[in-house]
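Quick notes on the structure that follows.
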Amino acid sequence: MNPASTLRLLRHASGRLASHLTTVPAVRATGARLLSSTASQGITYTPRRKDSSDPYHKLSTEATGTSAGPHEGAASRTDKDIVVEYPEDESALAPHQRPLQGRGGVHFVRTLPTFSLEGRTAIVTGGARGLGLVMGQALVSSGADLAIVDLNKEEGEKQAKELVEMFRRENPDDPEVVPKITAHYCDVADPESVNSCINEVLEQHGKIDHLVTSAGFTENFSAETYPYERMKKLWGVNVDGTYLFATGVARHLMQRNITHGSIVFIGSMSGAIVNVPQPQAPYNAAKAAVRHLAASLAVEWAHAHIRVNCISPGYMLTALTRKILDDNPELKKTWTSLIPVGKMGQPEDLQGAVVYLLSDASRYVTGADLRVDGGYTCT
């Protein structure tokens, strides 16, 4: 079509639009001029404030006495009066956690072969309790050997024994096939501790194929009152610990020159949104850093066939979270009301995600952020 024909078509269409608009009843739209027969000459708008001068805006200064009443937007704001300080030792609130039951063994549950982790060795930091423990169990059930890394080595040793017992119960037909599960102490924020831990895992397992960085914690303080030393600790565990373990394991994977190395960071939906009503700016920033670190390392290490992805959980009912919400029922009600599926997640809801991202089933997935949040971040 030549330019002249195109121009004639545009003029014709514009004329038809103008004639149509003159027959449509005027509809008021805040922030926009009413369309008229001159619409073909261009559409403009004049911004208008939603205040008492706008009769269509009922929640105005006339009704509330202020242009931003206390109820307006309240559900989407933080509340500095909500302070949740997590304990140094989570066992003070959360009892010893038993492995999940009834998940089945790896030798009689059919699935895609690419989801198998048979013959692989995985590290899970923060693996002695909570989300880390449940994800570690998923890796064992998928065929992997496991190194549980935690600040509480004693608890890690207990969980290692219980996971082996669980595996034997669920695989009675193969008593000789037992995963190797070990426990290791580590302060993930300390470079020397991280290097020592990785070397210990290599001594006991001979290799590392996968890493899950689940060590982390959150606290709720208003930004202006957040103790700086605690903020440094939070950043050290959540961000520095993730970086130190990832780089340490990556060096080993590069030396082996394998093609199935895979790392999963445990981030949080807080890295993409701002949680309400509890104020937790440093934690949100830390988890945003974890999410972007995963993407950055995915690109940087792609040449070495090392995939790096992130899982961002929503609100999960761990034993510790359950105890805190039992003491704060209104907080639980608020959280649940903001989740489209209408309920909080269970730790086992992360099992499929972590197996997928570590296994060859996701061999073309790297730099991704998989949100497991019941739709929270969609709204």
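The set of residues in the range 221-246 being touching a residue at least 12 places away in the same chain (Cβ under 8 Å), among the hydroxyl-bearing types (Ser, Thr, Tyr) and not in a loop (DSSP other than H, G, I, E, B) consists of Thr225, Thr242, Tyr243. Evaluating Ala160 against the criteria (1) crowded, with 16+ Cβ neighbours inside 10 Å; (2) within 21 Å of Ser268 (Cβ to Cβ); (3) among the aliphatic types (A, V, I, L, M) leaves one unmet condition, (2).
Would you confirm whether any residue within the range 191-207 is in contact with a Lys or Arg (Cβ under 9 Å, 6 or more places away or on another chain) and not in a helix (DSSP H, G or I)? Checked the range 191-207: at least one residue is in contact with a Lys or Arg (Cβ under 9 Å, 6 or more places away or on another chain) and not in a helix (DSSP H, G or I). Any residue at all in the range 306-319 that's among the small types (Gly, Ala, Ser) and either at pLDDT 95 or above or not in a helix (DSSP H, G or I) (or both)? Yes, the range 306-319 contains at least one residue that is among the small types (Gly, Ala, Ser) and either at pLDDT 95 or above or not in a helix (DSSP H, G or I) (or both). Applying a threshold of 8 Å to beta carbon distances and a minimum spacing of six or more residues, or different chains, the list of pairs starting in the range 321-338 at a residue that is assigned by TED's automatic domain parsing to the domain that holds Val276 and in a helix (DSSP H, G or I) and ending at one that is surrounded by 15 or more Cβ atoms within 10 Å (Cβ to Cβ) and among the charged types (D, E, K, R) reads Leu325/Lys332. Across the range 247-269, the number of residues qualifying as buried (at least 23 other Cβ atoms within 10 Å of the Cβ) and either of a type in the set (Gly, Ala, Ser) or not assigned by TED's automatic domain parsing to the domain that holds Ala294 (or both) comes to 4. When the criteria are applied in full, Thr218 meets the requirement of being assigned by TED's automatic domain parsing to the domain that holds Ala289, assigned to a loop (DSSP other than H, G, I, E, B) and of a type outside the set (A, V, I, L, M). Can you confirm whether Thr377 is in contact with a Lys or Arg (Cβ under 7 Å, 6 or more places away or on another chain), under 30 Å from Asp81 (Cα atoms) and β-branched (Val, Ile, Thr)? Against the criterion (in contact with a Lys or Arg (Cβ under 7 Å, 6 or more places away or on another chain), under 30 Å from Asp81 (Cα atoms) and β-branched (Val, Ile, Thr)), Thr377 qualifies.
The values are calculated or read from the model by the stated rules, or taken from the named source; none is laboratory data. Not measured: the values here are computed from a predicted model. Don't worry about glycine lacking a Cβ; one is built from the backbone with ideal geometry, like all the others, and counts go over all protein chains shown.
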